1. Restricting attention to region 7-45, report how many residues are of a type in the set (Ser, Thr, Tyr) and within 19 Å of the chain's Cα centre (by Cα).
2. What's the total number of residues in region 11-62 that are polar (S, T, N, Q) and either touching a His at 6+ places or on another chain (Cβ under 7 Å) or surrounded by 14 or more Cβ atoms within 10 Å (Cβ to Cβ) (or both)?
Amino acid sequence: MPTTSHKRRAFTAEFKAEVVLSLLSGLKTQAELCREHQLSPNLLAQWKDAFLKNAAAVFQTDQQSSAQAARVAELERALGRATLENDILKKASSLLNQSGGNRL
């Protein structure tokens, strides 16, 4: 029996939003949308849940966005310092091993 490989379809964010908005607005039922776009009901339900979960982000204030951006910048600086320290310690360790490894 020959095996056939099925390629997964990739959907854009715009397409997902359009389909979910059609569902939420009542223009079409879930069954209609699934048949029309050849989607599984579970997949459409996942898209709808993700859409509703992230809907509040549309109304997020600039102050909240700024606070998040500041936190990201702070974490990036901390990561940079830790990376630099790690590189210095690695170099120092290899230099100590080369020059004085036999003196213990």
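Readers should treat all values here as calculations from the given coordinates under stated rules, not as data from a laboratory. The structure displayed is predicted, hence computed values, not measured ones. Don't worry about glycine lacking a Cβ; one is built from the backbone with ideal geometry, like all the others, and counts go over all protein chains shown.
1. 1
2. Of the residues in that region, 2 qualify.
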